[in-house]
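A.B. asks: I have a structure here, written as structure tokens, and I will follow up with some questions on it.
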Amino acid sequence: MSTKKHPKKIYLPEDRLPKAWYNMVADMPNKPLPPLHPATKQPVGPDDLAPLFPMALIQQEVSTERYIEIPEPVREIYKIWRPSPLIRAYNLEKALDTPAKIYYKYEGVSPAGSHKPNTAVAQAFYNASEGVKRLTTETGAGQWGSALSYATQLFDIDLQVFMVKVSYNQKPYRKTMMNIWKGKVVPSPSELTETGRKILAEDPDNPGSLGIAISEAIEMAVKDPQTKYALGSVLNHVLLHQTVIGLEAKEQMEMVDAYPDVVIGCFGGGSNFAGISFPFVRDKIVEGKQTRIIAVEPQSCPKLTRGQFRYDFGDTIGMTPLIPMFTLGHNFMPPAIHAGGLRYHGAGAIVSQLLKDGLIEAEAVPQLESFEAGILFAQTEGIIPAPESTHAVVQTVREALKAKEEGKEITILFNLSGHGHIDLGAYEQYLNQHIHNYEVTDEQIAENLKVLDEMGFPKP
Ligand SMILES: *Cc1c(COP(=O)(O)O)cnc(C)c1O
């Protein structure tokens, strides 16, 4: 490696775009616990999910097969931006004066500017294959709504997006993107559903949350047999589709004889983190590699570091099955931080099990430090990261500085899940010193988790 000239950008040729996604479940020592029906507390079967998802995605949700083929039409669309570049962050390394080698996988090159189209295109394809005419979904910062708008119009599917109200007001251009790609957008809570109307009656100024928006989107899908629902994170099939990121990254690192000691991803519901890391978690389990794999969440929504491993609803109102996951309680209302995509009360079942089994770690970082890191990254590497992605940058900086202190030449890989061009309002507020940190008290968390006991949810 020292004799080879090391490129700044490592491109994988188009013909080496992965042909299959990697299913983490196949290699997990302890399989994720099954989702439960909230009324019967029995595992949900494919029939329970059929009103919401096409059968192909339900099968992926419960699959234990190691590799699942990427359909050719999906690969053809992936080729518009994939394989995405792997970049050596020489300038950031220099600024930190660290012996660590820092690589990042850049998912901001997709049409929507984040990793989300990787699953949006796959989900739109499977829905279209089964004749679905309309989809509903929720979106936080608007990244998922725009990714799914882009994907659904490619397959002639109509889309209704419920956008968390605080983000709807903070990020008007995300709505424009969705509209350009034919998505219909309404701020959530909305008047379009019973759930929304009920919440607005009690609290007209409710800022919304991902949990509420999910409830609204599911309600609309359940009430119309022609309509199905799409989720941008948390579920097994979503994480599966995102593994194309890590599979590419592993090949790209091999091209320069590198292998990460630390893999880092920011964490909302777990999809980009799973995407970059699962192929490396596999190596840990199957080949005994010692890689540290770190999920980074905001301090204001600390489900992995301060939540409990419990059965809980995936949404606020209780329309989803009970999912075994690290959660702050489905009633938890995260503060209106700018990393809207990270404001979710729970984590996916696979990631939660991996955390419980010590195969991955979690860290929580404050909002101010995340903007600071985002600006350092923009000034050194040039790319302005999405506010979500800056959380991964913070942990990268921390690890690189630790390596400097300890004089260790470690290799760090992190996922830059998206660019922040539509989030400049947030950066503007940071530059004007209008951004501050949010603390969540132990009492608040305990209060929300108490509800799960009161509702008699089984403890895993
Ligand atoms: C949505 C989003 C996230 C958080 O969602 P995950 O499912 O945890 O990946 C992170 N980064 C960006 C850029 C996003 O759009």
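The values are calculated or read from the model by the stated rules, or taken from the named source; none is laboratory data. Predicted, not measured: the structure shown is a model, and the values here were computed from it. Cβ placement follows ideal geometry from the backbone for every residue including glycine, while neighbour counts extend to all protein chains displayed. Surface areas here come from the heavy atoms of the whole protein model, side chains and all, with no ligands, DNA or RNA. Shrake-Rupley method; radii C 1.70, N 1.55, O 1.52, S 1.80 Å.
A.B. asks: Looking at the range 42-52 only, could you name the residues that are surrounded by 15 or more Cβ atoms within 10 Å (Cβ to Cβ), touching a strand residue (DSSP E or B) at 6+ places or on another chain (Cβ under 9 Å) and either closer than 22 Å to Val351 by Cβ or among the β-branched types (Val, Ile, Thr) (or both)?
C.D. replies: Val44, Leu52
A.B. asks: Turning to a different aspect of this structure: Quick test for you: out of Asp224, Asp261, Asp283, pick the one residue that is charged (D, E, K, R), more than 21 Å from Tyr22 (Cα to Cα) and surrounded by fewer than 23 Cβ atoms within 10 Å (Cβ to Cβ).
C.D. replies: Sole residue among the options that is charged (D, E, K, R), more than 21 Å from Tyr22 (Cα to Cα) and surrounded by fewer than 23 Cβ atoms within 10 Å (Cβ to Cβ): Asp224.
Residues checked against (1) among the β-branched types (Val, Ile, Thr); (2) within 15 Å of Leu413 (Cα to Cα); (3) surrounded by 19 or more Cβ atoms within 10 Å (Cβ to Cβ); (4) away from the ligand (no atom under 13 Å from the Cβ):
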position	(1), (2), (3), (4)
Gly268	no, no, yes, no
Phe273	no, yes, yes, no
Ser277	no, yes, yes, no
Glu287	no, no, no, yes
Ile294	yes, yes, yes, yes
Gln299	no, no, yes, yes
Lys303	no, no, yes, no
Arg306	no, no, no, yes
Asp312	no, no, yes, yes
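A.B. asks: Just to be sure I understand, how many residues within the range 146-168 are in contact (Cβ under 8 Å) with a residue 60 or more places away in the chain and more than 16 Å from the ligand (Cβ to nearest atom)?
C.D. replies: Residues in the range 146-168 being in contact (Cβ under 8 Å) with a residue 60 or more places away in the chain and more than 16 Å from the ligand (Cβ to nearest atom): 2 in total.
A.B. asks: Regarding Pro387, is this residue open to solvent by less than 20 Å² (accessible area, probe 1.4 Å) and under 30 Å from Pro51 (Cβ atoms)?
C.D. replies: no
A.B. asks: If I ask for residues that are within 14 Å of Ala213 (Cβ to Cβ), part of a helix (DSSP H, G or I) and open to solvent by less than 40 Å² (accessible area, probe 1.4 Å), which ones from the range 166-201 would you list?
C.D. replies: Those that are within 14 Å of Ala213 (Cβ to Cβ), part of a helix (DSSP H, G or I) and open to solvent by less than 40 Å² (accessible area, probe 1.4 Å): Val166, Ser167, Arg174, Met178, Thr195, Gly196, Ile199, Leu200.
A.B. asks: Only one of these conditions is not met by Ile180: (1) touching a Ser or Thr at 6+ places or on another chain (Cβ under 6 Å); (2) more than 14 Å from the ligand (Cβ to nearest atom). Which number is it?
C.D. replies: (1)
A.B. asks: Something else now. Leu92 passes all but one of (1) of a type outside the set (Asp, Glu); (2) part of a helix (DSSP H, G or I); (3) touching a Leu at 6+ places or on another chain (Cβ under 9 Å); (4) farther than 30 Å from Lys408 by Cβ; which number fails?
C.D. replies: That leaves (4) as the condition not met.
A.B. asks: Taking the residues in the range 99-145 that are under 15 Å from His241 (Cα atoms) and more than 12 Å from the ligand (Cβ to nearest atom) as candidates, determine which candidate is surrounded by the most Cβ atoms within 10 Å (Cβ to Cβ).
C.D. replies: Gln123
A.B. asks: Can you find even one residue in the range 24-41 that is within 16 Å of the ligand (Cβ to nearest atom), among the aliphatic types (A, V, I, L, M) and surrounded by 16 or more Cβ atoms within 10 Å (Cβ to Cβ)?
C.D. replies: Yes, that holds for at least one residue.
A.B. asks: I need every pair where a residue in the range 254-277 that is on the phi > 0 side of the Ramachandran plot has its Cβ under 8 Å from the Cβ of a residue that is open to solvent by 10 Å² or more (accessible area, probe 1.4 Å) and more than 9 Å from the ligand (Cβ to nearest atom), sequence separation at least 6 or different chains.
C.D. replies: Asp257/Met1; Asp257/Lys4
A.B. asks: Determine, yes or no, whether Glu363 is open to solvent by 70 Å² or more (accessible area, probe 1.4 Å) and acidic (Asp, Glu).
C.D. replies: Criteria not met by Glu363.
A.B. asks: Can you give me the number of residues within the range 393-421 that are over 21 Å from Ala364 (Cβ atoms), open to solvent by less than 40 Å² (accessible area, probe 1.4 Å) and within 16 Å of the ligand (Cβ to nearest atom)?
C.D. replies: 1
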